[in-house]
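Values in this text are rule-based calculations from the coordinates and carry no lab data. Please read these numbers as outputs of a predicted model, since none were measured by experiment. FYI the Cβ positions are ideal-geometry reconstructions off the backbone, even for glycines, and counts take in every protein chain you see.
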């Protein structure tokens, strides 16, 4: 039994690390991409100095440093696995210093599992792990000092240092040290003096920080590190985490002696390990937000222009949220498949085509992609800017800055494009791209020949008008009228009419696509045209003047039969006809 | 044993000395490509050191020479001039105008180049030592981080005087002084605990200058020289977004009018009703306080006719004794007949000039690239476009120094998006010199920052309040209400 338990103790941290690695690598990879895009780590001394200019800033710096590697999800998964394994190791090591026992080994996994659960929320950041780890590093070192005055001096000196490096994690360090001192034999007066001194220094640190940095709310200065993307919100998870880091090592002190006996140690340990695996697994499962991962996945594919991956994902399971559907529709359009296939997937109205602007960093980012590819370069620039400005922690976004550089390059605003590129040249993973783009600055010919930027230059509006989100069809119409070969503007315009069920406008705009010379009339247009024709003609299948295929005609007949004769047509039609425009028109709200 | 050590040290020193002197220097007759551009500018004797950089340089050697002093500096691609030496050098010019000569030698791609030396002209006329501005990302509709900051232009010290992270992330408008006096200033705080914050010698009041009879809470404004009145515009401000390249944001009013606020009894005196319904905005008192200058345009349909919206500069008399408007309006600059639109007039404290900006159309100059600064000589009525001051991008939002010899303005000349404070000297004949940007300790700061310096305003001294005072007044002080006169 003991041998087995020793073996478990050795491999459990690695199994835990593997589980974390696989979770973030396979189930949550796009959460990692999501984190990466909403920060901008610069490899400059100025960035470092700026980050460490507030309490907890060093942990923030380390957090943003590792988050830049999340661009590669497997690398990010590995980093998180190592960090959470380190967290367990420190908790266990401190516990062992307090009272060596194998029985309590499993509970050292509670804080890292808890942090794993926190990380299931896309707004918990990697910086927080560093804050906690720094607190634990300091606390572990405390145990190596034997001499009591030296140990006390260490505590008092470390409090301000740790506070500035890791923010509020200093609280569990200070309290932990004081508790340990009180648990030791010695003069009560000395312990009281230490407690008072620690309290005074802690209070002094917080007050001093507020004096130096009056612009920060006091609570934010106490927490210091940005554990959460919304710095004005202070989720209870942070305090619970600190409490765990304090209480779990200290619980080694209060472990009943029966559990420490060698014969009971292994059994206790194994049972606790099992309980932790079951309970931890359950908690992680219920906190895993698949719907958000789904949106992030589509967003990532759009960002990387991996249109086929987005479509493949939709083929496995049709997306339903407006943002995912908008990404899918863009992918379909860029792949030349939208007008034929869009109704094969779930459609949720015009919001699933071009979502309306919201003061939100995610929606703006995704919608900006659609405007960019449509050639609304200024609008795309605005959305990139607004997305970055909406970031609640005031960080910069590498993705936004990249898009700002691109849109300014396309617009010929080279001076400001250069400004953004200079910033990107100070990053690890965008430097190469920035250097590449810099070579295009002020080279009109090269930009015009570029497959993406050159095309977008042709697509963008040649006349000025104020954009209006309430009249998206008008905006698309203006763009199309300036360039009748702009197939995306045409397809988005008609898709907008179909999704808003505005068939009059569909008929009005449909002829504008003559110059696009489709090999065959797209299926959704065939379905709409024959439907409109059927409203005013007796035998639409025979008389329809548009090039509607026999398959569509047959399907209309079948659809009509069920629609007119079934008592519950929505359910019956769902099976074989939910991929038609008619089904969307009749049954989707 | 000792002799070889000394010889060794001497050899090392000799090698070091020889390394420090560039070899094979080629001469270039052009001025060096320094940033910020401090070549041939006129500066006051109390300005902070003009640190600069050469972006592509591997090494820099700079010699700054005045009549009595020489400063030699080396750097990688930037130089930082020691404060003490700089002060000493400038002190010599505190009695009579002088100049300093700057020689820059640059190592680029392994080769040294000595550029033509340039001059920096010194004038004994000082600039007000403090500058306030709003730090904001030049966005569209969304803002997150807003700060009002105060900078000592004689040093590099910057202080945050208001931060919206302490005021529920509410919007806050730019800070405006009365008479360039740190003891008399205001700014608008928006949001639930908001109001117009009025500072009188550090005593802060929060006034909700809004009333059902007004169009909206007040927006642009100016304080009367006596400090008893404020003149404000009340505007419904709307944004529009241009779709064509280069154009960005259009901010326009669907309604706007003027009011006088008596701070002594919180009464509001609306613009006389005898005049037709028009757009009136950007009011400012004359130096003697007996006139209000403002921008005026015919009421047209916006945004449909936005490209035809043009404001003229008008004036109306004001009686400080009774706080009442005059009955006659005069046109000062008929910009619309020139196909231009006036905004942001500012009278000089000595009453000689009125500085304003003109754009092709509209009322929000900061996003109009063509916006330029013009100077009106109030005694002769002559107007001059300040060619030596203006750039190809927006130059606007200016403020005078208390001696009327300097003004500061926000210019987007570097990249078209990010505004920075530029200082400009006006000589006795009203001639403007080449402007220079606010010096920074690290000249890289302008490359790295993504913030704009909005509405820079000069002041004779340090403001008597800080960010925590603003937090307190936002959260704890109830706003005073106003009533219509």
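Across every pair of non-identical alpha carbons in region B:167-282, the mean reciprocal distance, once inverted, gives a Kirkwood radius of 15.4 Å. What's the angle, to the nearest 10 degrees (0 to 90), between helix A:377-390's Cα axis and the longest principal axis of chain A? So the inclination is approximately 20 degrees. At q = 0.19 Å⁻¹, what base-10 log of I(q)/I(0) does the Debye formula yield for region A:299-344 when every alpha carbon is treated as an equal point scatterer in vacuo? Each listed q corresponds, in turn, to -0.47. What translational D, rounded to a whole number of µm²/s, comes out for region B:291-402 from Stokes-Einstein when the hydrodynamic radius is the Kirkwood one over Cα pairs, at 4 °C and 1.567 mPa s? Taking Rh from Cα pairs, D becomes 88 µm²/s. Taken over chain A, the ratio of Cα radius of gyration to 2.2 N^0.38 Å equals 1.21. When each of the peptides A:506-514, B:134-142 is scored by the mean number of other C-beta atoms lying within 10 Å of its residues, the order from highest to lowest reads B:134-142, A:506-514. Each part reduced to its alpha carbon centroid, region B:81-116 and region A:76-151 end up 55 Å apart. Extension gain, residue A:436-residue A:49: 0.36 nm per intervening residue step, less the Cα-Cα distance, totals 136.5 nm. Taking the DSSP beta bridges with both ends in chain B, the antiparallel portion is around 90 percent.
The share of Cα pairs per 5 Å bin across region B:386-485, counted from zero up to the longest distance, runs 2, 11, 16, 17, 15, 13, 10, 7, 6, 2, 0 percent. For region A:504-584, the C-alpha radius of gyration divided by 2.2 N^0.38 Å, with N the number of residues, is 1.14. The C-alpha radius of gyration of region A:255-376, expressed as a fraction of 2.2 N^0.38 Å, stands at 1.69. Modelled spin labels at residue B:429 and residue A:243, positioned 7 Å past Cα toward Cβ, are 7.8 nm from each other. Taking each residue as 0.36 nm, the span from residue A:576 to residue A:304 lengthens on full extension beyond its C-alpha to C-alpha distance by 94.5 nm. Please give the helix A:236-251 orientation as an angle from the longest Cα principal axis of chain A, in degrees from 0 to 90, rounded to the nearest 10. Helix A:236-251 and the main axis of chain A meet at about 30 degrees. Across all C-alpha atoms in region A:392-433, the radius of gyration and Dmax reach 10.4, 31 Å. Using a cutoff of 8 angstrom between alpha carbon atoms and counting only pairs six or more residues apart, the relative contact order for chain A works out to 13 percent. Geometric descriptor of region B:218-331, per residue, is 111 Å³ (volume of the convex hull of the Cα atoms).
Inter-part distance, region A:47-71 to region B:153-172, computed on C-alpha centroids, equals 23 Å. From the Kirkwood radius over Cα pairs of the protein assembly as shown, Stokes-Einstein at 25 °C and 0.890 mPa s returns a whole-number translational diffusion coefficient of 73 µm²/s. Along its first, second and third principal axes, ordered by size, region A:371-504 spans 53, 40, 24 Å in Cα coordinates. Helix A:322-334 against the longest principal axis of chain A: what's the angle in degrees, Cα atoms only, rounded to the nearest 10? That helix lies at roughly 50 degrees to the long axis. Kirkwood's formula applied to the C-alpha pairs of region A:168-309 gives a hydrodynamic radius of 19.9 angstrom. Percent of Cα pairs in region B:24-123 per distance bin of 10 Å, from zero to the largest separation: 16, 51, 26, 6, 0.
Estimated purely from DSSP H runs of n ≥ 4, each contributing -39500 (n - 2.57), the mean residue ellipticity at 222 nm for the protein assembly as shown is -13000 deg cm²/dmol once divided by its residues. The percentage of C-alpha pairs in region A:291-459 whose separation is greater than 27 Å is 26%.
Derived from the Cα gyration tensor, the three semi-axes of the equivalent ellipsoid of chain B are 46, 24, 21 Å, largest first. Computed from the alpha carbon positions, the gyration tensor of region A:310-410 leads to an equivalent ellipsoid with semi-axes of 25, 15, 11 Å, biggest first.
With each label modelled as a point 7 angstrom along the Cα→C-beta vector, the residue A:197-residue A:258 pair spans 4.2 nm. Based on alpha carbons, the Rg and Dmax found for region A:1-116 are 17.0, 56 Å. Can you give the Kirkwood hydrodynamic radius of region A:490-531 from its Cα pairs, in Å with one decimal? Kirkwood hydrodynamic radius for region A:490-531: 10.3 Å. The peptide list A:405-412, B:330-337, put in order of mean Cβ contacts within 10 Å with the highest first, becomes A:405-412, B:330-337.
Between the C-alpha center of region A:356-385 and that of region A:224-260 there is a gap of 40 Å. Taken over region A:186-255, the percentage of Cα pairs per 5 Å bin, counting from 0 up to the bin with the maximum distance, is 3, 14, 15, 15, 21, 15, 9, 6, 2, 0. Each principal axis of the Cα atoms in region A:2-288 has its own extent, and those three values, largest first, are 56, 54, 28 angstrom. With the convex hull constructed from alpha-carbon coordinates only, region A:111-175 shows a mean projected area of 4.6 nm² over all directions. Per-residue packing, averaged as other Cβ atoms within 10 Å, sorts the ranges B:104-110, A:445-451 into the order B:104-110, A:445-451, beginning with the highest. What share of Cα pairs, in percent, lie more than 18 angstrom apart in region B:73-212? Tail of P(r) above 18 Å: 70 percent of Cα pairs. Placing a pseudo-label 7 Å from each Cα along the Cα-to-Cβ vector at residue A:183 and residue A:551 gives an inter-label distance of 7.3 nm. Relative contact order for chain B: 15 percent, from Cα pairs under 8 Å spaced at least 6 residues apart, divided by residue count.
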